[in-house]
Structures are given as structure tokens and as C-alpha cells.
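Notes to accompany the following structure.
The values are calculated or read from the model by the stated rules, or taken from the named source; none is laboratory data. What you are looking at is a predicted structure, and each value in this text was computed from that prediction instead of being measured. Note: ideal-geometry Cβ built from the backbone for every residue, glycine included; neighbour counts use all protein chains shown. Please note that ligands, DNA and RNA were not included when accessible areas were found on the heavy atoms of the full protein model with its side chains. Shrake-Rupley method; radii C 1.70, N 1.55, O 1.52, S 1.80 Å.
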Amino acid sequence: PYTAWNYDLTLMWSMPTDGFLATNIFNKDIEGFIFDAVSGPVSVPGYPGAEFYVEQPVNAEDAKVSGFEIAIHQPFTFFPAPCDGFGVQFNYSYVDSEFSSGKDAYDSGKYGLPGASPNNLNAILYFETMRFGARVSYVYRDDYFSSFGGGAFSGVDRYVKANENLSINLSYDVTDNISLTAKATNLTDDIQEEFITYSSLMQSYYTRPRTYSLGLRMRF
């Protein structure tokens, strides 16, 4: 099993206008980080003279994670009605992570931790009253290391390209027991693209079209 020493420092300021501002600095030293890697060649009973490569969990040599985060939440309750229903939420984080595989099959040196993008941003503009709510959300993240390959892609490293998502959520309480919702996602018509080692070596390409949905909820 892997172990980690985690160091965090968080500062928060509760603003007099009902909002808050927070920042966090963190550093993590990880020993024995576990990841799936291709090992071999090995022999398999019943197949003399044949060589096989197997994918199995192994321990990395070392892993480190450091970075910071900034978060803001500000409802505009100090505005005159009806503008007092507006508000914003914002979150940005920077993550610097790396680990060394310690396996000869992977010679790219240092890798970011799987799924850890260096730059991550979330922003929300909302408007809320007793019965109506509206939210516009934007999410962005950088390229990130996904996993090491297996099968036909043994000995390669996989990445996911940067992507973004813009969505809108609407809700209205017709009565205390009946609610209507409407949602639109991926309004930027963003795609998800995975590549191998270099951004020019595409492995997969997923279209993610705009999606719209309507909902009705009734409570008895």
C-alpha cells in the first residue's frame, strides 16, 4: 500500500457582504504510488517458448503533488430587488504533480498523476428567488495524463486533451409539490480527444454534442 505525508494551509475570509474568499496551499509526498503497468516478458504454463506481457498493479518510485486553490462565493444580496438574487461562484486550482514509473517499458521520465490537470477552473453565475433558479456554469481543465497503455498499446502513455463545458440549468417551483427543470449541457460543442505520448498521435476522438433535457418532479 502507498503512504503519504500531506501538508495543507487554508485561509478564509468571511466578507461582510455574505460571501467568502478562501485560498489553500498544499503539498503531498507519496511513497509507493500504485498504477497499472505492463510487465514482462513472462512465461505461461502450457505455452512453452512463448513470451507474454501482462498488465498488473505496481508501485511507482515516488510521487509528489503541490499547488494552490482560490475560491470565491459572492451573493449580491446588497443589491436592490430583484438583483439581490444574483451571485457568483469561482474556483481555480493549479496542480503540479509527477511520479516516476520505475519501469523500463516507459521511458518518458516523469508523469503527472492520472487525471490531474495543471489548470482547473469552475465559474458559475446564478440567479435565485423563492421559486425560480437559473445557473450558467463554465468548466475548464488542461491536458492530463490518463494511463499507460495495454494490449496493442503496451509501453505507451495516454493523455486527454484540454476540454471545456458550458451549461445552463433552470428550475421553477410551480407549487410546493410540483417543480419544472430545464437543462442544456456542452453548449460549446466540445469534444474529448485522447492521444498517445504526443498530441499529434491521436488515439480516440469522442463527439459530445449539445444536450437538452426537460424534467417534471411531483411530490405527494
| query | What are the residues in the stretch 184-220 that are part of a strand (DSSP E or B), modelled with pLDDT of 90 or more and out of contact with any Phe, Trp or Tyr (no Cβ under 7 Å at 6 or more places or on another chain), if any? | reply | THR185, THR211, TYR212, SER213, LEU214, GLY215, LEU216, ARG217, MET218
| said: Filter the stretch 164-183 down to the residues that are assigned to a strand (DSSP E or B), acidic (Asp, Glu) and over 21 Å from the mean Cα position of the chain (by Cα) and list them by number. | reply: ASP173
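Quick one: count up the residues across the stretch 120-138 that are over 23 Å from ILE70 (Cβ atoms) and open to solvent by less than 60 Å² (accessible area, probe 1.4 Å).
Summing the residues that are over 23 Å from ILE70 (Cβ atoms) and open to solvent by less than 60 Å² (accessible area, probe 1.4 Å) in the stretch 120-138 gives 3.
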| task | List every residue pair whose Cβ atoms sit under 7 Å apart, with the two residues 6 or more apart in sequence or on different chains, where the first one lies in the stretch 64-76 and is touching a residue at least 24 places away in the same chain (Cβ under 8 Å) and under 19 Å from TYR7 (Cβ atoms) and the second, anywhere, is aliphatic (A, V, I, L, M) and not in a strand (DSSP E or B). | result | VAL65/LEU113
| message | Looking at the stretch 143-166, can you tell me whether even one residue there is of a type outside the set (A, V, I, L, M, F, W, C) and at pLDDT 95 or above? | response | no
| message | Going residue by residue through the stretch 146-168, is there one that turns out to be acidic (Asp, Glu) and closer than 25 Å to GLN89 by Cβ? | response | yes
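Anything in the stretch 31-46 that is over 29 Å from the mean Cα position of the chain (by Cα) and modelled with pLDDT of 85 or more? List them, or say none.
Answer for the stretch 31-46, where residues must be over 29 Å from the mean Cα position of the chain (by Cα) and modelled with pLDDT of 85 or more: PRO45, GLY46.
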| task | Might you check whether a residue that is under 19 Å from the mean Cα position of the chain (by Cα), closer than 30 Å to PHE79 by Cβ and assigned to a strand (DSSP E or B) occurs anywhere in the stretch 144-162? | result | no
| message | Condition first: farther than 30 Å from ARG131 by Cβ and open to solvent by 60 Å² or more (accessible area, probe 1.4 Å). Can you find one or more residues in the stretch 76-83 that meet it? | response | no
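Could you please give the count of residues in the stretch 46-57 that are open to solvent by 40 Å² or more (accessible area, probe 1.4 Å) and not in a strand (DSSP E or B)?
5
Do we have any residue at all in the stretch 120-127 that's in contact with a strand residue (DSSP E or B) (Cβ under 9 Å, 6 or more places away or on another chain), outside any strand (DSSP E or B) and touching a residue at least 12 places away in the same chain (Cβ under 8 Å)? Write out each step before concluding.
So the first thing to find is which residues in the stretch 120-127 are in contact with a strand residue (DSSP E or B) (Cβ under 9 Å, 6 or more places away or on another chain), and the list is 120-127.
From what's left, outside any strand (DSSP E or B): none.
No, every residue in the stretch 120-127 fails to be in contact with a strand residue (DSSP E or B) (Cβ under 9 Å, 6 or more places away or on another chain), outside any strand (DSSP E or B) and touching a residue at least 12 places away in the same chain (Cβ under 8 Å).
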| task | Could you check ALA184 against (1) touching a helix residue (DSSP H, G or I) at 6+ places or on another chain (Cβ under 9 Å); (2) more than 30 Å from TYR111 (Cα to Cα); (3) of a type outside the set (Asp, Glu); (4) surrounded by 14 or more Cβ atoms within 10 Å (Cβ to Cβ) and say which number it fails? | result | (1)
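Of a type in the set (Val, Ile, Thr), at pLDDT 85 or above and surrounded by 13 or more Cβ atoms within 10 Å (Cβ to Cβ) - does that describe any residue in the stretch 58-66?
From the stretch 58-66, those of a type in the set (Val, Ile, Thr) are 58, 65; that's our starting set.
From what's left, at pLDDT 85 or above: 65.
Add one more test, that the residue is surrounded by 13 or more Cβ atoms within 10 Å (Cβ to Cβ), and what stays is 65.
Scanning the stretch 58-66, I find at least one residue that is of a type in the set (Val, Ile, Thr), at pLDDT 85 or above and surrounded by 13 or more Cβ atoms within 10 Å (Cβ to Cβ), so the answer is yes.
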| Among strands (runs of 3 or more DSSP E) lying entirely in the stretch 1-45, which contain 2 or more residues that are open to solvent by less than 60 Å² (accessible area, probe 1.4 Å) and closer than 30 Å to GLN89 by Cα? | 20-31
